[in-house]
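Following: one structure in C-alpha cells, then a few remarks.
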Amino acid sequence: QVQLLESGGGLVQAGGSLRLSCAASGRTFSGYTMGWFRQAPGKEREFVSAITWSGGSTYYADSVKGRFTISRDNAKNTVYLQMNSLNPEDTAVYYCAADPAGSYYYTRLEEYRYWGQGTQVTVSS
C-alpha cells in the first residue's frame, strides 16, 4: 500500500503563498490519480484539486481556480499544490489522497483509497 506524507503548511498573511508537498512511499505510485482535499473546523472535507498520473489532466474546485496549481513529479513520487493569493477562507487542514483506480469521479472522497495525515494552513487577515 501507499503511504502519503504532507508538508509545507503554516501561517501566512492574506495575499501570500504556500506550496504544499505530498511525498508518497510504498508499493507503487504509478497510475495513481492524486488529489488534494481540505477541511475547515466544523465543515465537511471538500475537494480542492486533482491530477492524473501523467499530469495531462488537472482539476480544480471553483473556489481555488486561478489561484492554486497542482503538479506532480513522478520521479520523486511527489505531488504539489502551489497556493497563491491566499485568503482566510483557505484556512483548513489540507489532505493529500491517492486513487489507484484513477476513477472518473475524482472529486469524491470515497474514490480515494490512501490519505495523508494532513497539514495545517492558516491564513490571517
Could you work out what % of the accessible surface of the stretch 30-125 is carbon and sulfur, using a 1.4 angstrom probe and leaving DNA, RNA and ligands out of the count? 45
Compute the accessible area per residue over the chain, keeping the other protein chains in place, probe 1.4 Å, unit Å². 51
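Rounded, prolate or oblate: pick one for the stretch 81-121, where a ≥ b ≥ c are the square roots of the eigenvalues of its C-alpha gyration tensor, a/c under 1.5 means rounded, and failing that, prolate if a/b is larger than b/c, else oblate.
Judged from the Cα gyration tensor, the stretch 81-121 comes out prolate (a/c at least 1.5, a/b above b/c).
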Which ³J(HN,Hα) values, rounded to whole Hz and listed in residue order, are derived for the stretch 115-125 from phi using the Karplus coefficients 6.51, -1.76 and 1.60 in 6.51 cos²θ - 1.76 cosθ + 1.60 with θ = phi - 60°, glycine and proline given as x? 9, x, 7, x, 9, 7, 10, 10, 10, 9, 9
Would you look at the GNM of the chain, springs on alpha carbons closer than 10 Å, and say which of Glu110, Glu46, Glu89 moves the most? Glu110
From the phi of every residue in the stretch 31-44, what ³J(HN,Hα) in whole Hz does the Karplus formula 6.51 cos²θ - 1.76 cosθ + 1.60 yield, where θ is phi - 60° and glycine or proline is x? x, 7, 6, 10, x, 10, 10, 9, 9, 8, x, x, 10, 6
Run through the stretch 16-113 and list the trypsin sites (Lys or Arg not before Pro) located in a DSSP loop whose Cβ has at most 12 other Cβ atoms within 10 Å. Arg27, Lys43, Lys65, Arg108
Sketch the reach of a paramagnetic label on Ser63 as a point 7 Å from Cα along Cα-to-Cβ, and name the residues of the stretch 88-116 whose backbone nitrogen lies under 12 Å away. 88-94
Under Karplus coefficients 6.51, -1.76 and 1.60, residue-wise ³J(HN,Hα) of the stretch 81-88 in Hz, glycine/proline x: 9, 7, 10, 10, 6, 5, 10, x
Quick check on the chain: of the DSSP beta bridges with both residues there, what percent are antiparallel, nearest 5%? 90
Gain in span if fully extended, Ser71 to Gln13, counting 0.36 nm per residue against the direct Cα distance: 18.5 nm
How many times 2.2 N^0.38 Å is the alpha carbon radius of gyration of the stretch 1-84? 1.10
Long-range amide H contacts for Tyr114: which residues qualify at under 5 Å (H placed 1.01 Å from N, peptide plane, sequence gap of 5 or more or a different chain)? Ala98
Under 5 Å between amide H atoms, partner at least 5 residues away or on a different chain: which partners does Val48 have, H built in plane at 1.01 Å? Trp36, Phe37, Arg38
Fully extended, how many nm does the chain gain between Tyr104 and Gln117 (0.36 nm per residue separation, minus their Cα-Cα distance)? 2.3 nm
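The values are calculated or read from the model by the stated rules, or taken from the named source; none is laboratory data. Predicted model, so just to flag it, every value in this text is computed and none were measured. Heads up, the Cβs are rebuilt from the backbone with ideal geometry, glycines too, and the neighbour counts pull from every protein chain shown. SASA here: full protein model, heavy atoms, side chains in, ligands and nucleic acids out. Shrake-Rupley method; radii C 1.70, N 1.55, O 1.52, S 1.80 Å.
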